[in-house]
Every structure is written in C-alpha cells, then in structure tokens.
Amino acid sequence: EAAYCEAFALYKLQQRDRTVDLLRKPDGNFQQAARAGGNPEYQARGRLLLAEALFGQQQLAEVEAVLGGVPTNQVEIAWLRQNLLCRIQLGSDRAELALANTTNLVALASASSRPVLVAESMLLQASILELLGRTAAAIAAYDRIPAAGVPEAFQRNAFLKTVELSLTQNDIAAASARLEKYLAARPQDAKSDVVLLTLGDLQLKQHLLGAASTNGAATNTPAGPATNRLQQALAYYGQLLQAFPQSPFAGKAQLNRGWGLLASGNLAEAQAAFRLALDKLPLSEDQAVARFKLADTQFLQNDLTNALAGYRRVLEDYGGLPRARTGLF
C-alpha cells in the first residue's frame, strides 16, 4: 500500500517517469511486495496506475500488456481496467472497437451501484459516437444520461453536449428548444453557470453564422464590427465568470469568450481569455484549442517566439487526443 501511494503521489505531481520506474522496477518496493503476496487490491491498483502512467507517455502497446495482468474479480477494478482499455483504443485510432467495449463498461458501472461510474461510462460512450460523426446517435446517448439517475453535474454536462452538437449542425432552433425545455423543467437554473454558457454559445454561433454568410469563410482576421448577438454572447460569458468564478464551465466560458473577442477585433483581450482558458481547462480537446488559439494571437501580434513554443506544445502534449491530432496537428 505504501509503495502504491508513493507512486500515486508522484503521478499526481505529473512525474510519470518516476511513477513508471517505481512500479515497474523489479527490485523496487512495489514489485518486491507484489512477489511476496502483498494486498491483491493494491497490486491491481498499482498495475492500473502503471498503465495510466504509460498511457500518458503514449506507450500504448505496453499499456495493453500491463492491463492484461490486472485481475477483474472486483467490479470497480474491472471497471477501471475497461475504462482505460477504451481510452487506449481511442488513442490508437480504434474508435469502433472502443465503442463496442463501452457496452461492457456501462454494464460494469451499473453492477458497481456507483452513479458516478455509470455517468462517466455513458459520457464516454456518447463522446465516442460524437467522435465517429454519428451526431444523431450521440445526441440520443447524451439524452439517456439524465434518466440514469446520475449526479446533477453529469446531467448538466450531458445537456450542454446536446446543445453543442445541435450547434455544430447549425440547428439553432433545436438548441434553443432544448434550452427552453431545460429551463421549464428547472426554473431555478435560469441563471446557472451551464445555462449562461449555453446562452452565450447560442448567441456566438448565430453571430458567426451570420458573419460567414456575409463575409465568406471565417479566419483569424475579424470580419467586421461586433453585432448585438456578439455583444450579448460576451455579456453572458462575463456574467458567468463574475457570478461563478469557480464554475467547472469557467474554462469553457473563457475559451468561447476568446473566440468572441477575436471576432470583435479585440486581439489583446482575446489573447488574455485564451490564456485564462488554458489555465482553467483540464487536459482535453478544449485545452488543446485554447493553447492553439493563444499561439495564433501571439503569431498575429508578431510574438513569434512564444507562438512557436505554443504550437510545439500542441504537438507534444495532445498526441493522445484523436480530435487534436486530426483537427490541429
């Protein structure tokens, strides 16, 4: 247990090399204790942690080999193993196989009687459908999440994704209808962080659609003066950030606010917003976009050294995210 906890602490400090060394070294404390018959649960968790650290190093073949030795006689351990296996398959461009394996992931989560695991499993399944371009199926999958009795935060996240997907299809009417339905069911949420974010996204999307139809394809060069919709979008993002500074959606609000400021021609404030988004967002496609756009604003201001460093970080840090590879690399 002590050897596992030491490795876990290093992993949380993002020292993946040391984590791998502690857990894999034959004469290290963890391997010696495992050979001596140490606690089976910590042996399993140690192997899972080793797999996570190797995954962070993009050593995908080794990860699968390590996972092969993880016992599955405990439901939670089996779920953790299956979850990581799905993510490895995603990271190695085997999205169809990952999707098939989410069926077992959802079943294991249900058997665990832990709503958080159920929510994470269903969100992963829906996100893979989204990645595969099956938008209607992804929306349907996200719609099933609130009915699964998962925590409110996951329900809100699923709702936000259905609106985002409607927006990617330029279906503003569907996105608006979803928002109205959400507010009707939860009138107390009329000023909640997720609703403010969604309102901002709706206004920003409609502005960008209008600008694209008037000016052609969007670029980093602002197309013209801010419209009322753009001003409303920026106001909603500002309201969210002021009222909910610790919101889990603050990073996304800063990212989209950066897009809005860029569209309005305010390059300096857009750069500041992308930098704040980068600090607030977890490792994700959104964080990759924030870093990319921060580098874009530096490039546009002839800050070439920092722009180059930013683009390099995108290439170095986000190779495990399929959409970052296909959309940004």
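The values are calculated or read from the model by the stated rules, or taken from the named source; none is laboratory data. In this text, all values refer to a predicted model and were calculated from it rather than measured experimentally. Cβ placement follows ideal geometry from the backbone for every residue including glycine, while neighbour counts extend to all protein chains displayed. For the accessible areas, the whole protein counts, side chains as well, though only heavy atoms, and no ligand, DNA or RNA atoms are used. Shrake-Rupley method; radii C 1.70, N 1.55, O 1.52, S 1.80 Å.
Given the C-alpha centroids of region 294-329 and region 115-177, what is the distance between them in whole angstrom?
28 Å
Could you check the simple spin-label distance between ASN39 and ASN104, using points 7 Å along Cα→Cβ, in nm with one decimal?
2.7 nm
Given a Förster radius of 25 Å and the C-beta distance between ASP21 and GLN58 as r, what FRET efficiency does 1/(1 + (r/R0)^6) yield to the nearest 0.05?
The formula returns an efficiency of 0.90 here.
Strictly greater than 14 Å: what percent of every Cα pair in region 253-312 meets that?
Details: 837 of 1770 pairs.
Tail fraction, whole percent: 47.
Among 295-307, 253-265, what's the highest-first ranking by average C-beta atoms within 10 angstrom per residue?
Values: 295-307: 15.9, 253-265: 23.3.
With the highest mean Cβ count within 10 Å placed first, the list reads 253-265, 295-307.
Sorted by packing (mean other beta-carbon atoms within 10 Å per residue), highest first, where do 198-204, 273-279, 135-141, 167-173 land?
Working: 198-204: 23.6, 273-279: 21.9, 135-141: 17.1, 167-173: 14.0.
Highest mean packing first, the order is 198-204, 273-279, 135-141, 167-173.
With each label point set 7 Å from Cα along the Cα-Cβ vector, what nm distance links GLN74 and ARG94?
2.6 nm
Compute the accessible area per residue over the chain, keeping the other protein chains in place, probe 1.4 Å, unit Å².
On the way: 16030 Å² over 329 residues.
Roughly 49 Å² per residue, with all protein chains present.
Kindly state, as a whole number, the per residue volume in cubic angstrom of the convex hull around the alpha carbon atoms of region 24-85.
With only Cα atoms used, region 24-85 gives 75 Å³ per residue.
Once you sort the root eigenvalues of the Cα gyration tensor of region 39-121 as a ≥ b ≥ c, which label holds: rounded (a/c under 1.5), prolate (a/b larger than b/c) or oblate (the other case)?
Working: a/c = 2.06, a/b = 1.09, b/c = 1.89.
The shape class here is oblate.
Give me the percent of the accessible area of region 86-166 that comes from carbon and sulfur atoms, probe 1.4 Å, all protein chains in place.
Working: 1820 of 3190 Å².
Result for region 86-166: 57 percent of the exposed heavy-atom area is carbon or sulfur.
If you stretched the chain out fully between ALA137 and LEU308, how much longer would it get, using 0.36 nm times the residue separation minus the C-alpha to C-alpha distance?
Details: separation 171, 0.36 × 171 = 61.56 nm, distance 3.87 nm.
Here the answer is 57.7 nm.
Rounded if a/c is under 1.5, else prolate if a/b is larger than b/c, else oblate: which is region 81-163, with a ≥ b ≥ c the root eigenvalues of its Cα gyration tensor? Walk me through the intermediate numbers first.
Working: a/c = 2.14, a/b = 1.15, b/c = 1.86.
Taking the square roots of the gyration eigenvalues as a ≥ b ≥ c, region 81-163 is oblate.
So what is the relative contact order of the chain, in percent, for Cα pairs below 8 Å that sit 6 or more residues apart?
Details: 393 pairs, mean separation 28.4, N = 329.
Relative CO of the chain lands at 9 percent.
Report, in degrees rounded to the nearest 10, the 0 to 90 angle that the Cα long axis of helix 95-112 makes with the longest principal axis of the chain.
It is inclined by approximately 70 degrees.
If you keep only loop residues by DSSP, which GluC sites (Glu not before Pro) in region 1-59 have at most 15 other Cβ atoms within 10 Å of their Cβ? Mind dumping the intermediate values first?
On the way: sites: GLU1, GLU6, GLU41, GLU52; in loops: GLU1.
Taking region 1-59 and a limit of 15 other Cβ atoms within 10 Å, the loop GluC sites (Glu not before Pro) found are GLU1.
Could you work out how much longer the chain between GLN301 and GLN231 gets when fully extended? Use 0.36 nm per residue separation minus the Cα distance between them, nm to one decimal.
Details: separation 70, 0.36 × 70 = 25.20 nm, distance 2.38 nm.
That pair, GLN301 and GLN231, stretches by 22.8 nm at full extension.
Counting only C-alpha contacts under 8 Å and six or more residues apart, can you give the relative contact order of region 119-168 as a whole percent?
Relative CO of region 119-168 lands at 35 percent.
Please work out the FRET efficiency for the pair ASN170 and LEU13, using the Cβ-Cβ distance as r and a Förster radius of 56 Å; give the result to the nearest 0.05. Could you put the intermediate results ahead of the total?
On the way: r = 43 Å, r/R0 = 0.78.
E(calc), rounded to 0.05, equals 0.80.
Apply the a/c threshold of 1.5 to the C-alpha gyration tensor of region 229-329 and tell me whether it is rounded, prolate or oblate.
Numbers: a/c = 2.12, a/b = 1.35, b/c = 1.57.
It comes out oblate by the Cα gyration axes.
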